[in-house]
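Everything below concerns the one structure shown next.
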Amino acid sequence: MVFGIIKERKNPPDRRVVFSPQKLKEFQQKFPETTIKIESSEIRVFSDELYQKAGFEVTNDMSDCDILIGVKEVPIEALIPNKKYFFFSHTIKKQPYNRGLLQAIIKKNIELFDHEVITDSKGNRLIGFGRYAGIVGTYNGFRAFGLKNDTFQLPKANSLKDQQALIDQLNTIQLPNIKILLTGSGKVAKGAQEMLDAMQLKAVSVEDYITKDFETPVYCIIDVLDYNKRKDGRFIDNFDFYNNPSDYESDFMRFARVTDYFIAGHFFGEGSPFLFTQEDARSPEFKINLVADISCDINGPVASTLRASTIADPIYGYDPKTASEVNYKENNAITVMAVDNLPCELPKDSSEGFGDLFLDHLIPAFFNNDKGGILERAKMTSQKKLTPRYAYLQDYIDGKQ
């Protein structure tokens, strides 16, 4: 079995890779019967020379590989027919801009395994960059705070080496007695919490956060039943919310009244109530003036997120009166950081972390007859058609949706 680590061809350039040289050595030691090849890349965070020094062949010809592994979408013209591919295809939500990619994958008889649908038997995602999105997004939010208020200037995250360098920078700043709110309970929120804890900020309970004032900056983590409530007043459990989101309404305003900096690290499910609307943001009681929207659902649950921002230009302003974009320096503007590819700013750390997950959870499936069904669940296409699990995409492929 020949595995190939392909170069990233999507623009803007992405320096991440699924496996670092060191992690590939571990892969080879665990499964010595494999051959692993590296496609030459001039932008990858780990150079060709580092892979060669680790004992791997670096080449421009990947045609003899059985399994090709990348991060982002592969351009249609670069797809090699009759191969197995692993990458984020960004098609499972019927994204219009990638319809042609999925059509080409089927036409070229490619078996596509999307990182986003690599799950355990309960449907929990096993592979992703969420933690690093949380790490970088939180840092970027504090950077925006300094720029908005002209109190400090942090360097851009992508100019720093690793997470520890981000932490070191954050520990040079002085914050006023602000309240910081973090939504979520998954990998994104955990990455964000790592940064808040590394700054030695005090975590407080929901009750204290809402009712008390503090002499130092504090943060509070809230989950879905903290910022949503059943319309009939009953309190059940998270599963009831996930299964019956239309029975709920937002209870976020009780937090918005006392929050200065909001970090959106939650997953937003279809049919769930919006956290805050344009009307909420216009309320005199709405106090949030900075949003780091790591989830970045456009025109969705966080009204101030009008568009995704970019690594080059990560900050914009939202005018609650007009619900329109303005300069973030304007007095009445809510400052918004909504970069949608945050892990790209920390390519070394995120690549190393991704490789850990990939080797632990996925690679063994190739050698144990897919004992846990991981490969079967993640296989989107086979024999020039969608697999049954992803048959819902047929109208998307046919151009009907």
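The values are calculated or read from the model by the stated rules, or taken from the named source; none is laboratory data. Worth saying up front: this structure is predicted, and the values here are computed from it rather than measured. In this analysis, Cβ positions are derived from the backbone assuming ideal geometry, glycine residues included, and neighbour counts consider all displayed protein chains.
Quick look at the numbers
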quantity: Whichever residue in segment 378-401 is on the phi > 0 side of the Ramachandran plot and not polar (S, T, N, Q) and, among such residues, is modelled with the lowest pLDDT; calculated: Gly399
quantity: Those strands (runs of 3 or more DSSP E) lying entirely in segment 1-83 with at least 2 residues in contact with a Lys or Arg (Cβ under 6 Å, 6 or more places away or on another chain) and not polar (S, T, N, Q); calculated: 67-69
quantity: Those residues of segment 110-124 which are charged (D, E, K, R) and within 16 Å of the chain's Cα centre (by Cα), in sequence order; calculated: Asp114, Glu116
quantity: Members of segment 161-190 that are touching a residue at least 40 places away in the same chain (Cβ under 8 Å) and aliphatic (A, V, I, L, M); calculated: Leu166, Leu175, Ile178, Ile180, Leu181, Leu182, Val188, Ala189
quantity: Qualifying residue in segment 216-223 (condition: out of contact with any strand residue (DSSP E or B) (no Cβ under 9 Å at 6 or more places or on another chain), modelled with pLDDT of 95 or more and either within 30 Å of Gln174 (Cβ to Cβ) or small (Gly, Ala, Ser) (or both)); calculated: no
quantity: Evaluation of Thr335 against (1) surrounded by fewer than 19 Cβ atoms within 10 Å (Cβ to Cβ); (2) under 30 Å from Arg257 (Cβ atoms); (3) of a type outside the set (A, V, I, L, M); (4) modelled with pLDDT of 95 or more (one fails), failing number; calculated: (1)
quantity: Test: residue in segment 291-305 that is among the hydroxyl-bearing types (Ser, Thr, Tyr) and in contact with a His (Cβ under 7 Å, 6 or more places away or on another chain); calculated: yes
quantity: Candidate set from segment 318-329 (those that are out of contact with any helix residue (DSSP H, G or I) (no Cβ under 8 Å at 6 or more places or on another chain) and touching a residue at least 12 places away in the same chain (Cβ under 8 Å)); member that is surrounded by the most Cβ atoms within 10 Å (Cβ to Cβ); calculated: Asp319
quantity: Segment 26-47 - residue that is of a type in the set (D, E, K, R) and crowded, with 17+ Cβ neighbours inside 10 Å and, of those, farthest from the chain's Cα centre (by Cα); calculated: Lys37
quantity: Filter result for Glu215 (surrounded by fewer than 19 Cβ atoms within 10 Å (Cβ to Cβ) and assigned to a strand (DSSP E or B)); calculated: no
quantity: Within segment 225-264, tally of residues that are surrounded by 15 or more Cβ atoms within 10 Å (Cβ to Cβ), among the hydrophobic types (A, V, I, L, M, F, W, C) and more than 23 Å from Ile334 (Cβ to Cβ); calculated: 2
quantity: Residue match in segment 12-25 (condition: over 26 Å from the mean Cα position of the chain (by Cα) and at pLDDT 95 or above); calculated: yes
quantity: Among the candidates Val74, Val58, residue that is more than 25 Å from Phe129 (Cα to Cα), touching a Phe, Trp or Tyr at 6+ places or on another chain (Cβ under 7 Å) and assigned by TED's automatic domain parsing to the domain that holds Gln28; calculated: Val58
quantity: Matching helices (runs of 4 or more DSSP H) fully within segment 328-401 where at least 3 residues are touching a Ser or Thr at 6+ places or on another chain (Cβ under 8 Å); calculated: 347-357, 374-378
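Let's see how each residue does on (1) free of Cβ contacts under 8 Å to residues at least 12 places away in the same chain; (2) more than 22 Å from Ala312 (Cα to Cα); (3) assigned by TED's automatic domain parsing to the domain that holds Val291; (4) not aromatic (Phe, Trp, Tyr):
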site	(1), (2), (3), (4)
Ala144	no, no, yes, yes
Ser159	yes, no, yes, yes
Lys202	no, yes, yes, yes
Glu207	yes, yes, yes, yes
